[in-house]
Each structure stands twice: as structure tokens, then as C-alpha cells.
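A quick write-up on the structure given underneath.
The values are calculated or read from the model by the stated rules, or taken from the named source; none is laboratory data. Everything numeric here is computed off the predicted structure, so don't read it as measured data. So basically every Cβ, Gly included, is an ideal-geometry build from the backbone, and we count neighbours across all protein chains shown. What goes into the accessible areas is simple: the full protein's heavy atoms, side chains included, and nothing from ligands, DNA or RNA. Shrake-Rupley method; radii C 1.70, N 1.55, O 1.52, S 1.80 Å.
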Amino acid sequence: MELSSPFKPYSHHELSFSSSFPPLSFQTHFKNARATKPTSQKLSIFAVATDPQELPKNSPQRLLKELAERKKFVSPKKKIPPKRFILKPPLDDAKLAQRFLNSPQMSLKSFPLLSSCLPSSRLNNADKTWMEEYLLEAKQALGYPLEPSDSYGDDNPAKQFDTLLYLAFQHPHCERANARHVRSGHSRLGFLGEYVLELAMAEFFLQRYPRESPGPMRERVYALIGKRYLPKWIKAASLQNLVFQFDDMDKLIRKEREPPVKSVFWALFGAIYLCFGLPEVYRVLFEVFGMDPEDEECQPKLRRQLEDVDYVSVEFEGRKISWQDVAAYKAISSSSSYHCYTALIIRILWVGAVLGGGEEGKVTSSSFPLTFEPPEDALFSHPRLFRACVPPGMHRFRGNIWDYDCRPHVMQILGYPLAMTDKIPEITEARNIELGLGLQLSFLHPSKHKFEHPRFCFERLEYVGQKIQDLVMAERLLMKHLDAPGRWLQEKHRRLLMNKFCGKFLRERNLHRFIIYSEEVQDAYEHNRRLRNPATTSVQQAIHGLSYTVYGKPDVRRLMFEVFDFEQIQPKAV
């Protein structure tokens with residue numbers, strides 16, 4: 001083996017790469033050296049000491065080994081980046097299409113939202129083992145039949161309840177969360193369940209306390225479903241052993257106990273909402289978990305409240321709506337209920353003509369001895385919720401300048417009134433009257449008539465509008481991004497529904513010029529955009545609340561994605 005070295009000593013002594021050199025003086029020069037002056041007068045040679053017993057001193061193998069050791073010492077080995085930072089080659093179109101077509105998320109054509117929350121791949125043996133061991137205990141604690149949900153028909157969304165219930169208990173700190181389809185399915189259910197709970201509690205407290213402002217209501221809601229209170233409800237339903245299978249929940253510290261419980265709680269109600277609807281959410285909340293809205297811990301802080309000078313609707317007079325009333329509010333399609341409800345609307349409009357003043361205009365429970373449940377398609381999608389936000393006495397605000405000058409332009413921009421097929425023409429006319437009143441109240445800033453009407457409708461419509469807006473956007477993102485985990489959807493949801501963007505959508509439609517302010521607030525907002533933007537956001541959410549109570553969730557989708565274009569799909573003109 002021939003070795004070449006840049007050193008050419010004049011002496012014919014053999015050169016040894018040992019750790020010690022004899023006192024030998026020699027000169028060196030480099031081949032093809034361009035520099036005329038030497039860079040250094042002294043040459044220092046470093047050698048790596050090795051075991052002399054391994055190889056002979058003059059062995060070429062020893063020389064190669066020492067050079068390799070020196071190379072390691074001079075240039076250390078570079079660290080390999082973690083696997084999560086290494087880009088994988090993308091799947092080809094055929095494999096990607098096959099993966100999506102075989103996914104359970106594409107199996108249900110009639111229930112697109114439910115289908116989007118199913119796991120991205122079919123459950124394996126480990127998933128089925130957990131279901132066989134723990135699912136019966138979960139269903140018994142929640143009050144559901146113990147037979148498998150696969151026995152239901154294909155047209156019943158409850159057929160997927162076992163799968164969704166299994167996903168609901170697989171929080172990020174359990175064993176099965178390492179599987180991608182389980183982790184993603186659980187996070188997507190939790191993403192939906194958070195907004196389902198917020199809307200359910202908002203509707204319940206708006207109807208239970210018709211004279212209360214949204215501020216105390218938010219405190220009541222937090223005292224029931226806030227994250228620090230959720231472990232108490234999980235333990236009340238005897239579900240703590242399913243959440244913490246190997247730990248005692250009472251011995252865990254707060255930061256280890258609350259995140260898994262909150263994740264399971266939200267995902268559980270997401271599954272219940274998809275399979276059984278909002279009435280079942282109320283049953284599980286108040287019957288299984290035993291929540292009491294009258295508990296001392298749920299009462300809001302005392303605050304100064306002006307005396308309410310207006311009257312509430314007949315259904316709320318002298319009694320508090322219970323969760324059974326909210327959950328069991330069904331529609332009756334008999335012709336007699338149509339005529340009864342028409343008489344009720346005529347009576348309400350007559351009360352508005354009296355401007356809500358005097359004893360003759362006061363509506364009491366004795367004014368209508370006949371109690372009934374109005375049909376859903378007669379006047380409103382959620383009639384009791386609308387009447388909780390807009391009481392009959394608010395008709396005194398009708399007939400002003402805004403009603404004649406601004407309301408037609410607002411209704412034209414929003415596409416109102418919608419075409420509805422009612423059996424009685426008076427029903428359509430009454431709905432349009434209430435819709436016009438609700439639009440005026442949505443554009444009536446609280447600074448204008450706040451002291452005349454402390455239970456101001458603008459704030460209550462804004463409250464329910466914010467919750468339905470969150471839920472509609474969450475459903476939209478779930479159906480649009482089938483492969484996205486819940487954390488990514490949460491960030492996307494937050495960025496789309498920022499307050500500054502909501503007000504921006506309203507201003508792009510040139511609707512902000514119809515807002516009614518008081519004179520002092522008008523002067524303050526005239527030259528300060530930062531003060532004016534939150535007001536436009538509140539009006540935007542109040543419009544969504546009115547749309548939900550009058551026409552239902554489909555009209556909220558129409559407003560958000562067709563009229564205001566919340567997703568900004570189309571590029572804006574420069």
C-alpha cells in the first residue's frame with residue numbers, strides 16, 4: 001500500500017507517528033506552494049497516542065487509524081435532526097385518494113358533521129379491547145342502553161355512539177392517545193363539545209332569568225362548567241375511574257387533574273350532541289351530573305341593577321324555566337295551535353301599541369289561560385328564546401325614523417325577509433314585524449336607551465349570537481378539514497372569529513352607518529376608531545343571535561358564509 005504525504009524530509013530516517021519524537025531537526029516544503037514567504041517558522045505536529053501493543057509503529061494501518069482519530073477530534077460528528085423535522089415524501093394521488101375513500105369519515109353521506117368526527121381509520125383490536133372492557137360502565141353511568149349501538153339503523157345517528165363514546169374518554173394523557181386516529185378523533189370531539197356546552201348554557205340561562213344581563217349569566221355558566229369545577233361533576237357521575245385508570249383522582253394535583261377531565265368532558269358532550277341532539281345534552285348535564293343552577297356556589301356577584309320597567313313574556317311571568325322545559329320544547333303541528341299562536345301574536349302587538357305603560361298594557365299569566373307549545377314553523381325557529389331576548393314591550397321602539405329610513409336598506413343587504421311557506425298569511429306578516437323590530441334592537445347601541453330599559457335586548461342578542469357563531473364556525477371547520485387535529489382547528493377558529501375581523505365584515509357591507517348611538521358616544525366614536533370597532537363587532541353578533549332565534553341555524557350559516565364571507569374565500573378588490 002502506497003502512502004503519499006505532503007511532508008518530504010531531507011533526512012532518510014524513518015518518520016514515526018509516536019507520541020514522542022527524537023530531537024531531530026528537518027525542513028519541509030509543500031508541493032505546488034504559491035506563497036513565497038513561509039507562514040510560520042515552526043511546525044507543530046500533533047499525534048494521537050495509541051496502545052503500542054495493537055499494531056507496529058511503522059504499520060500503514062496504524063497511520064490510517066491515527067488519522068481517523070485525529071479527524072474525529074478536529075471535526076466532531078454533526079447531530080442528526082429529530083425525525084419530526086425530516087420531511088417525508090408526499091403520498092401519490094392514488095394512495096391519498098384511497099386513504100380518504102376508505103376512511104370512516106366518508107361513510108355517512110346523510111350526516112356530514114357526524115361523519116367528520118369519526119376516526120380517520122377503522123378501529124383496531126386494541127381499541128375494541130378497551131370498548132369491551134370499559135364501555136358498558138360508561139354507558140351505564142350516563143344512563144344509556146347497554147346493547148351495542150351497531151344494532152340501530154343506518155338512518156339513526158346513534159349507531160355511531162359507541163365509537164364516539166370510546167373516543168371521548170381517550171384524553172391526551174392516556175395510553176391509546178399515541179394512536180393517530182384516536183388522538184385526532186378525541187381532539188376534534190372536544191373542539192366541538194366546548195361550543196355545544198356554551199350554547200346550551202346560554203340558551204338555558206337566557207330563558208331562566210329573562211330580566212338578567214349577560215354579565216351575571218356568564219358567571220353562572222363558569223360556576224357550572226368552568227374547568228376548576230369539572231372534576232366535581234365527573235366524580236358525581238362515577239366516571240373518574242374511566243378518566244384516570246391507574247391513578248386516584250383525589251390524590252392528583254390540580255394541574256394534573258383538570259386538563260384530562262376538561263378534555264373528556266368536552267368530547268363527551270360533543271359525542272352526545274352529534275348522536276342525540278341538544279335536548280340530550282341538558283339531560284346529561286342536569287340529571288346525570290346533577291348540576292343545580294340554584295346552588296349557592298353558582299350565584300353571581302352582587303352588583304347594582306336598575307329596576308326593570310318592562311314586562312316579560314307570558315311564559316316567563318311568575319316562574320323559572322327548568323331544564324325539562326328547555327329540553328322538551330317540541331313543536332305541535334295541529335291547526336288549533338296555529339290559531340292560538342296567531343291570537344297570541346295579535347295580543348302581543350296590541351300590548352306594544354299601548355307602549356308598555358299602565359295597568360291595561362301589562363301582560364300576566366292570567367291574560368292567556370290556554371297554555372300550549374307553538375309550532376316550530378309557525379313564527380320562529382326558537383320562539384321562547386326570541387321572546388326571552390325581545391319582550392313584548394319593546395314594540396314601543398317601532399315607528400321611529402330608523403324604522404322608515406334605515407330598516408329597508410338593512411333588510412335588503414341581509415336578504416330579509418326569507419321566503420317562508422306558512423298556512424296562514426298573518427303568521428308571515430307577524431314574523432316580518434318581529435324581524436324588523438329585532439333588527440332595530442340589534443343596531444340600537446346600549447348607550448341610547450340603557451336607563452329606560454336595563455334588560456337591554458342588544459346585549460342578550462349579542463350573547464346568544466356569539467355562542468351560535470362559534471358553534472356554526474366549528475361545524476364548518478370540522479366538515480372542511482377532515483384530516484386536521486382539534487388543536488389546529490381551535491387556532492384556525494380563533495383567528496377567523498377575532499373581534500376585529502367580525503366588525504370588519506360588518507363595515508365591509510357598509511352596515512356600520514346604521515348603528516344608533518347616544519350623542520355623547522357618537523362624539524367620542526367620531527374620531528376614535530379603536531372605540532368604534534368593538535361596537536361593530538357587537539352588532540355583528542347581535543344580528544347572528546336574531547337570525548338564530550327567528551330562522552334557525554341554517555340562516556346563521558347563510559349570513560356568515562354568503563353575506564359576510566367570514567372565511568374570506570373570494571379575494572377582496574384592491
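The conditions of being surrounded by fewer than 19 Cβ atoms within 10 Å (Cβ to Cβ), touching a residue at least 24 places away in the same chain (Cβ under 8 Å) and closer than 24 Å to Ser538 by Cβ are not met by Gly465. Note on segment 215-266: residues that are in a helix (DSSP H, G or I), open to solvent by less than 70 Å² (accessible area, probe 1.4 Å) and farther than 19 Å from Glu296 by Cα total 15. Of everything in segment 307-325, what is farther than 15 Å from Arg396 by Cβ and open to solvent by 20 Å² or more (accessible area, probe 1.4 Å)? Give them in sequence order. Matches in segment 307-325: Glu307, Val314, Glu315, Glu317, Gly318, Arg319, Lys320, Ser322, Trp323, Gln324, Asp325.
Can you list residue pairs whose Cβ atoms sit under 9 Å apart, with the first residue in segment 122-141 being aromatic (Phe, Trp, Tyr) and the second being part of a helix (DSSP H, G or I) and loosely packed, with under 14 Cβ neighbours inside 10 Å? Count only pairs 6 or more apart in sequence or on different chains. That search, which allows pairs on different chains as well, returns Trp130/Glu175.
Ala419 fulfils the conditions (1) open to solvent by less than 60 Å² (accessible area, probe 1.4 Å); (2) free of Cβ contacts under 8 Å to residues at least 40 places away in the same chain; (3) aliphatic (A, V, I, L, M) except for a single criterion, (1). Just to be sure, is Ser334 among the polar types (S, T, N, Q) and either surrounded by 13 or more Cβ atoms within 10 Å (Cβ to Cβ) or modelled with pLDDT of 75 or more (or both)? So Ser334 does not fit the description; no. Out of curiosity, is Gly415 more than 29 Å from Val521 (Cα to Cα) and of a type in the set (Gly, Ala, Ser)? In short, yes. Among the residues of segment 520-535, some residue qualifies, meaning at least one is β-branched (Val, Ile, Thr) and surrounded by fewer than 22 Cβ atoms within 10 Å (Cβ to Cβ). The lone criterion from (1) out of contact with any Gly (no Cβ under 6 Å at 6 or more places or on another chain); (2) crowded, with 19+ Cβ neighbours inside 10 Å left unmet by Gly486 is number (1).
Does Leu167 satisfy the condition of being closer than 22 Å to Arg476 by Cα, of a type outside the set (Lys, Arg) and in contact with a Gly (Cβ under 6 Å, 6 or more places away or on another chain)?
yes
Based on this model, can you work out whether Glu219 counts as under 26 Å from Ala388 (Cβ atoms), out of contact with any Phe, Trp or Tyr (no Cβ under 9 Å at 6 or more places or on another chain) and not hydroxyl-bearing (Ser, Thr, Tyr)? Yes.
The residue pairs whose first member lies in segment 253-276 and is within 17 Å of Ala141 (Cα to Cα), whose second member is hydroxyl-bearing (Ser, Thr, Tyr) and open to solvent by less than 10 Å² (accessible area, probe 1.4 Å), and whose beta carbons are closer than 8 Å, counting only pairs six or more residues apart or on different chains, do not exist in this structure.
For segment 149-175, a tally of residues being over 16 Å from Ala271 (Cα atoms) and open to solvent by less than 50 Å² (accessible area, probe 1.4 Å) returns 2.
Those residues that are of a type in the set (Phe, Trp, Tyr) and open to solvent by less than 10 Å² (accessible area, probe 1.4 Å), I need them from segment 447-462; list them, please.
Of everything in segment 447-462, those that are of a type in the set (Phe, Trp, Tyr) and open to solvent by less than 10 Å² (accessible area, probe 1.4 Å) turn out to be Phe456, Phe458.
Across segment 499-517, the qualifying residues are those that are basic (Lys, Arg), assigned to a helix (DSSP H, G or I) and closer than 20 Å to Leu444 by Cβ, and the one among them that is most open to solvent (accessible area, probe 1.4 Å) is Arg513. The criterion of being at pLDDT 80 or above and either out of contact with any Cys (no Cβ under 6 Å at 6 or more places or on another chain) or among the acidic types (Asp, Glu) (or both) holds for His382.
Residue check: Pro417 meets all listed conditions (1) outside any helix (DSSP H, G or I); (2) over 23 Å from Ile516 (Cβ atoms); (3) not polar (S, T, N, Q) but one, namely (2). Note on segment 139-183: residues that are in contact with a Lys or Arg (Cβ under 8 Å, 6 or more places away or on another chain) and aromatic (Phe, Trp, Tyr) total 1. For the residues Leu435, Leu477, the requirement of being in a helix (DSSP H, G or I) and within 13 Å of the chain's Cα centre (by Cα) singles out Leu477. Of all residue pairs spaced 6 or more apart or on separate chains, those with beta-carbon atoms under 8 Å, a first member in segment 103-117 that is within 14 Å of Leu167 (Cβ to Cβ) and of a type outside the set (Phe, Trp, Tyr) and a second member that is at pLDDT 90 or above and surrounded by fewer than 18 Cβ atoms within 10 Å (Cβ to Cβ) are Ser116/Met479.
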